[in-house]
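Asker: What follows is a structure written as structure tokens; I'll ask about it next.
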Amino acid sequence: MKRLSLLIFLLAIAITVNAQKFMTKNGFIGFFSHTAMEDIKGDNNQVAAVLDISTGDMVFQALIKSFHFDRALMEEHFNENYMESDKFPKSTFKGKITNLSSVNFSKNGTYDVTVEGDLMIHDVTNKISTKGTLEVAPEGINANAKFNIIPEDFKIIIPGVVREKINKNLEVTVIMKYAPLAGK
Amino acid sequence: MRKISLLFLSFLIPVGIFAQDDLMNLLNENTPKAINYTTATFKSTRILNGHSIERMPAGQLDVRISHRFGTLNTGAYNFYGLDQANMHLSLEYGITNWLMVGIGRGNYEKTFDGFTKFSVLRQSSGAKEMPVSVSIFSSVAVNSLKWTDPTRTNYFSSRLSFVGQVLIARKFNDSFSFQLTPSYVHRNMVTTELDPNDLYAMGAGGRFKLTKRISLNAEYYYMANPKSYMSQQIYNPLSIGLDLETGGHVFQFIFTNSLAMIEKGFIGETTGSWGKGDIHFGFNISRVFTLKKNKEKLNY
């Protein structure tokens, strides 16, 4: 019995020690819509994200007002008419790398990963699954992914007058450069 | 001992289940609270006749065309005022995100006008709490009418008038915004000695959003100077209208008792009365062009 508790105790310590968390406060999430009439590009490079390489858990958090556009008016419409960013200031993602075993964190290199999780935009949560890459580098971990979302899935209503200016599918790009989180 | 190991187990299990929420908490602990600046207090740089707290952002050019028709009480013969049109054209540009300038020309007294507006305070919440937005507005107007008496010595300075305003606005919630506008108008030359050179007024205006793209606006200026001695019967301007936003355009439809579309005119020279039906229908059209792209945007 004594041994078992010791084992659990050691295991607990081992988990805490090995629970390596990586973080960034200036990750990039951008979206792009192309139509014959107009290209719309919104970029946010102040995304906060944490990756736990012991479990494969990953979370992102983006402030809607930190998305910036070429045209100030687009930015205003994005916040006021579509995202209602005063009501719903944040967008989050909580997910997990499903094939964590295929990544060797002790060896530098680029690995293909699949991520599944809950994406919350405009206070609506949808399950998404996407392929991406994880690059183990000397200074940290870089993560990249591209996937498509449909605004209507998140109850973002696009009226008829501007419908042909906004692509039905928005391409989302995620670029994270994580650094080890000290002390965690 | 068994109890202790159970205790350990019970510690471990929740960690596994709530790992993502834990990470989210960790994220929140490590990110500083951001300042959330209020945006879009009003749809346009005008509430209706008068300026709103809004500025053109840096690099954006606003081309505005405004009309006020004749009064509704002129009847069917004048097509309720639509046979006569009074107009104002202006080009307005954001130099920085807090400073804008504009030039305009209106056929009311053949007036050229120029203004600057800069923002002093921005309403915000979060890391910095600021209940109101404050902007300072100043303008100069030059009327280019022929001199009424060309035989006497006329000075160019007699054509000038000046306006200073402090715009104080608060966006109370998504649909309701309110603005107070203490105003000062100085006219270098007035029609008769009964008319004061300096006018003091308090403006109040608000908007109520009916849908995401349509809002109901109202605006009133109370002039503090006694009106009974002036050479003309002057009324306080009251305007009621709708903002309609369609992509890059904002249309403002307006009913007002003043004909002029610049501060000097509608604050001090409104001769129409709502009570008598001297109501002008009109509209402002604003079209924004992006001359310089947003600097805050970075490309990866």
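The values are calculated or read from the model by the stated rules, or taken from the named source; none is laboratory data. Small disclaimer: the values here were computed from a predicted structure and weren't measured. Please note: Cβ atoms are built from the backbone with ideal geometry, for glycine as well, and neighbour counts cover all protein chains shown.
Asker: Within the set of pairs 6 or more residues apart or between chains, which connect a residue that is among the basic types (K, R) inside the range A:168-181 to a residue that is in a strand (DSSP E or B) with Cβ atoms less than 6 Å apart?
Answerer: A:K177/A:T24; A:K177/A:N142
Asker: Continuing with the same structure: Are any residues in the range B:211-235 in a loop (DSSP other than H, G, I, E, B), out of contact with any Phe, Trp or Tyr (no Cβ under 6 Å at 6 or more places or on another chain) and touching a residue at least 24 places away in the same chain (Cβ under 8 Å), and if so, which ones?
Answerer: Correct list: B:R213, B:N225, B:Y229, B:M230, B:S231, B:Q232, B:Q233, B:I234, B:Y235.
Asker: Contact list please: Cβ distance under 7 Å, first residue in the range B:23-47 and more than 7 Å from chain A (Cβ to nearest Cβ) and surrounded by 17 or more Cβ atoms within 10 Å (Cβ to Cβ), second residue among the β-branched types (V, I, T) and not in a helix (DSSP H, G or I), pairs at least six apart or on different chains.
Answerer: Note: pairs meeting the criteria are B:T41/B:I53; B:F42/B:I53; B:K43/B:V250; B:S44/B:V250.
Asker: Of a type outside the set (K, R) and closer than 17 Å to B:Q179 by Cα: is that true of B:V166 in this structure? So that I can check it myself, show each step before the final result.
Answerer: Details: of a type outside the set (K, R): yes; closer than 17 Å to B:Q179 by Cα: yes.
So B:V166 passes the test.
Asker: Of all residues in the range A:25-68, which are part of a loop (DSSP other than H, G, I, E, B), free of Cβ contacts under 8 Å to residues at least 40 places away in the same chain and surrounded by 19 or more Cβ atoms within 10 Å (Cβ to Cβ)?
Answerer: A:F67
Asker: Could you check, for the range A:94-104, whether at least one of its residues is closer than 15 Å to A:G30 by Cβ, surrounded by 14 or more Cβ atoms within 10 Å (Cβ to Cβ) and away from chain B (no Cβ under 13 Å)?
Answerer: No, that holds for no residue.
Asker: Okay, next question. Being surrounded by 15 or more Cβ atoms within 10 Å (Cβ to Cβ), among the charged types (D, E, K, R) and either within 24 Å of B:I279 (Cα to Cα) or touching a Pro at 6+ places or on another chain (Cβ under 8 Å) (or both) narrows it down to one of B:E92, B:E109, B:E54, so name that one.
Answerer: So the residue among B:E92, B:E109, B:E54 that is surrounded by 15 or more Cβ atoms within 10 Å (Cβ to Cβ), among the charged types (D, E, K, R) and either within 24 Å of B:I279 (Cα to Cα) or touching a Pro at 6+ places or on another chain (Cβ under 8 Å) (or both) is B:E109.
Asker: Listed residues B:K128, B:K171; which is exposed (fewer than 14 other Cβ atoms within 10 Å of the Cβ), among the charged types (D, E, K, R) and touching a residue at least 60 places away in the same chain (Cβ under 8 Å)?
Answerer: B:K128
Asker: Can you name the residue in the range A:72-118 that is in contact with a Pro (Cβ under 9 Å, 6 or more places away or on another chain) and of a type outside the set (A, V, I, L, M) and is also farthest from B:F42 (Cα to Cα) among such residues?
Answerer: Going through the qualifying residues, I end up with A:N108.
Asker: Since B:D62 meets every condition but one in (1) assigned to a strand (DSSP E or B); (2) surrounded by fewer than 20 Cβ atoms within 10 Å (Cβ to Cβ); (3) of a type in the set (D, E), which condition does it not meet?
Answerer: (2)
Asker: Within the range B:89-162, which strands (runs of 3 or more DSSP E) (wholly inside it) include 1 or more residues that are within 15 Å of B:M261 (Cα to Cα)? Before you say what the answer is, go through the steps one by one.
Answerer: On the way: elements: B:99-106, B:111-121, B:124-126, B:133-143.
So the answer is B:99-106, B:111-121, B:133-143.
Asker: Mind checking whether some residue in the range B:194-211 is aliphatic (A, V, I, L, M) and under 14 Å from the mean Cα position of the chain (by Cα)?
Answerer: Within the range B:194-211 (the criterion being aliphatic (A, V, I, L, M) and under 14 Å from the mean Cα position of the chain (by Cα)), the answer is yes, since at least one residue qualifies.
Asker: With respect to B:S228, is the statement that it is assigned by TED's automatic domain parsing to the domain that holds B:P57 and surrounded by 18 or more Cβ atoms within 10 Å (Cβ to Cβ) true? So that I can check it myself, show each step before the final result.
Answerer: On the way: assigned by TED's automatic domain parsing to the domain that holds B:P57: yes; surrounded by 18 or more Cβ atoms within 10 Å (Cβ to Cβ): no.
No.
Asker: Another question, then. Of everything in the range B:48-63, what is touching a Leu at 6+ places or on another chain (Cβ under 6 Å) and either without any contact (Cβ under 8 Å) to a residue 60 or more places away in the chain or under 20 Å from B:S138 (Cβ atoms) (or both)? Give them in sequence order.
Answerer: B:I53
Asker: Here's a follow-up. So, A:N126, is that one out of contact with any helix residue (DSSP H, G or I) (no Cβ under 8 Å at 6 or more places or on another chain), surrounded by fewer than 18 Cβ atoms within 10 Å (Cβ to Cβ) and either touching a residue at least 60 places away in the same chain (Cβ under 8 Å) or more than 28 Å from B:L244 (Cα to Cα) (or both) or not?
Answerer: For A:N126, the condition - out of contact with any helix residue (DSSP H, G or I) (no Cβ under 8 Å at 6 or more places or on another chain), surrounded by fewer than 18 Cβ atoms within 10 Å (Cβ to Cβ) and either touching a residue at least 60 places away in the same chain (Cβ under 8 Å) or more than 28 Å from B:L244 (Cα to Cα) (or both) - is not met.
Asker: Something else: For the range A:94-114, give me each residue that is in a loop (DSSP other than H, G, I, E, B) and hydrophobic (A, V, I, L, M, F, W, C).
Answerer: The answer is A:V103, A:F105.
Asker: For residues that are more than 8 Å from every other protein chain (Cβ to nearest Cβ) and aromatic (F, W, Y), scanning just the range A:53-92, find the one that is farthest from B:I214 (Cα to Cα).
Answerer: Ranking the candidates gives A:F60 first.
Asker: Among the residues of the range A:131-157, count how many are β-branched (V, I, T), surrounded by 15 or more Cβ atoms within 10 Å (Cβ to Cβ) and within 13 Å of chain B (Cβ to nearest Cβ).
Answerer: Here the count works out to 1.
Asker: If you take the residues in the range B:1-22 that are surrounded by fewer than 17 Cβ atoms within 10 Å (Cβ to Cβ) and of a type in the set (G, A, S), which one is modelled with the highest pLDDT?
Answerer: That would be B:S10.
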